[in-house]
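A.B. asks: Encoded as structure tokens, here's the structure I'll be asking about.
The values are calculated or read from the model by the stated rules, or taken from the named source; none is laboratory data. Note that the structure is a prediction, hence the values are computed from the model and not measured. Here Cβ is always computed from backbone atoms with ideal geometry, including for glycine, and neighbour counts include all displayed protein chains. Heads up: the accessible areas ignore ligands, DNA and RNA and are worked out on the full protein's heavy atoms, side chains in. Shrake-Rupley method; radii C 1.70, N 1.55, O 1.52, S 1.80 Å.
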Amino acid sequence: MLLGGTVSGEYSGPEEWEQLLIRSRFKAVTAPFNMYTPRKETEAYLDICDRHGVMIAEIGVWKNLFDPDPAAAAEALAYAEGQLALADELGIACCVNIAGTDSAAGWDAADPSNFTDETYERIIRSIREIIDRVSPKSAFYCLEPMPWMIPDSPGNYLQLIRDVNRPQFAAHMDFVNMINCPRRYLAPEKFIEECFGELAPFIKSTHIKDSRMHPTNLTTILEECSPGEGTLDFVKILKILDEKLPTDAPVLLEHMTTFEEYEKAYDYLAKIAEKNGISI
């Protein structure tokens with residue numbers, strides 16, 4: 001696997017970003033540009049990654065296709081299409097978004113409408129529309145799993161892939177986002193094995209992080225955290241990833257705010273990998 005993440009820290013352009021990239025030791029990164037970035041700047045980032053043998057693993061959309069504001073929804077759709085087209089042009093395999101919600105509470109909100117049959121059909125139509133309009137040849141449109149949004153299980157994701165029925169719709173793996181109940185939390189390796197057993201042939205990018213449950217609440221509270229700050233067994237997890245994924249599969253740390261936090265998480269996983277003969 002290629003362990004990496006988002007290059008974090010203060011930078012004003014490609015040259016300063018390059019120094020942070022070198023310090024990070026990442027072998028896979030999220031795209032530091034989007035469809036609105038000036039072309040010369042985008043090309044500079046591409047050249048940097050090429051020089052250092054770093055894969056740009058995914059480019060994000062992160063907009064709500066089902067925004068209750070029609071203008072915002074239309075803008076989100078256009079952006080999703082533009083990002084997928086850019087990914088295809090640049091050879092970035094994974095263009096990732098979440099499914100979307102009809103809620104006015106936020107672009108990634110938990111809402112009862114997220115799990116209706118009507119929303120499921122709407123998700124299928126939106127994915128097909130994006131892929132059919134762009135007609136990508138090498139890039140794949142993917143949905144990141146969410147605790148309260150389709151897809152929220154490996155079986156549900158696999159069924160969605162079948163129902164969308166487009167070869168350029170694939171999987172983005174975030175197993176911690178799907179550890180959304182005590183059953184999965186208390187037997188995580190079994191669940192993670194299920195995730196990769198069902199979806200490995202379709203996975204284009206994977207997020208890696210930890211999970212912890214508040215032990216004193218009678219109402220379940222689960223939260224993600226940096227590797228080593230929760231209860232997941234990363235010896236077992238890295239072995240699962242090493243067995244199930246290709247050697248050049250990107251595995252990305254996420255949701256940290258500083259360079260030092262990413263560095264600490266990377267060091268934690270790198271030591272485990274080295275001790276267990278796992279290439280990262």
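A.B. asks: Of the residues Ile221, Ile59, Ile179, which exhibits the maximal mean-square fluctuation in a Gaussian network model of the chain defined by a 10 Å Cα contact cut-off?
C.D. replies: Most flexible of the set in this elastic network: Ile221.
A.B. asks: Quick one: compute the contact order of region 1-159, relative version, from alpha carbon pairs under 8 angstrom and 6+ residues apart, as a percent.
C.D. replies: Value for region 1-159: 19 percent.
A.B. asks: With the dipole of the chain worked out from charges on the C-beta (+1 for Lys and Arg, -1 for Asp and Glu) around the Cα centre, which of Thr257, Ser135, Ala74 lies farthest toward the positive end?
C.D. replies: About the Cα centre, the residue reaching furthest to the positive side is Ser135.
A.B. asks: Rounded to the nearest 20 Debye, what is the dipole magnitude of region 105-260 about its Cα centre when Lys and Arg each give +1 and Asp and Glu each give -1 at the C-beta?
C.D. replies: Taking the Cα centre of region 105-260 as origin, the dipole is about 400 debye.
A.B. asks: Once you keep just the Cα pairs under 8 angstrom separated by 6 or more residues, what percentage relative contact order results for the chain?
C.D. replies: Rounded, it is 19 percent for the chain.
A.B. asks: Relative contact order (percent) for region 157-280, with alpha-carbon contacts under 8 angstrom and 6 or more residues of separation?
C.D. replies: 24
A.B. asks: Under a point-charge model restricted to the Cβ atoms of Lys and Arg (+1) and Asp and Glu (-1), what is the dipole moment magnitude of the chain relative to its Cα centre, in debye to the nearest 20?
C.D. replies: Using Cβ point charges on Lys, Arg, Asp and Glu, the chain gives about 700 debye.
A.B. asks: I've got another one for you. From the C-alpha coordinates alone, can you work out the Kirkwood hydrodynamic radius of the chain, in Å?
C.D. replies: 19.4
A.B. asks: Now for a separate question. Count charges around Ile278 for me, please; just the other residues with Cβ under 13 Å from its Cβ, Lys/Arg as +1, Asp/Glu as -1.
C.D. replies: So the surrounding residues net to +2.
A.B. asks: Which of Pro201, Pro227, Pro136 moves most in a GNM of the chain, Cα contacts under 10 Å?
C.D. replies: The residue that fluctuates most here is Pro201.
A.B. asks: Calculate for the chain the 222 nm mean residue ellipticity that helices alone would give, adding -39,500 (n - 2.57) per DSSP H run of length 4 or more and normalising by residue count, nearest 500 deg cm²/dmol.
C.D. replies: Calculated mean residue ellipticity at 222 nm is -13500 deg cm²/dmol.
A.B. asks: Moving on. Do me a favour and compute the ellipsoid semi-axes for region 1-102 from its Cα gyration tensor, root of five times each eigenvalue, largest one first, whole Å.
C.D. replies: After scaling each eigenvalue by five and taking roots: 27, 14, 13 Å.
A.B. asks: Ok, one more. I want the antiparallel fraction of DSSP beta bridges within the chain, as a percent rounded to 5.
C.D. replies: 15
A.B. asks: Counting Lys and Arg as +1 and Asp and Glu as -1, each charge on the Cβ, what is the dipole of region 35-92 about the Cα centre in debye, to the nearest 20?
C.D. replies: Magnitude of the dipole: close to 140 debye.
A.B. asks: Please give the Cα centre distance for region 117-144 versus region 211-274, rounded to the nearest Å.
C.D. replies: Taking the Cα centre of region 211-274 as reference, the centre of region 117-144 is 29 Å away.
A.B. asks: For the chain, modelled as a Gaussian network with Cα springs under 10 Å, which listed residue fluctuates most, Asn64, Asn165, Asn180?
C.D. replies: With Cα springs under 10 Å in the chain, the top fluctuation among Asn64, Asn165, Asn180 is at Asn165.
A.B. asks: Next question. Quick one: how many Å² of Glu41 are accessible to a 1.4 Å probe, rounded to 10?
C.D. replies: The value for Glu41 is about 70 Å².
A.B. asks: Let me ask another. In square angstrom, rounded to the nearest 10, how much accessible surface does Thr231 have for a 1.4 Å probe?
C.D. replies: 90
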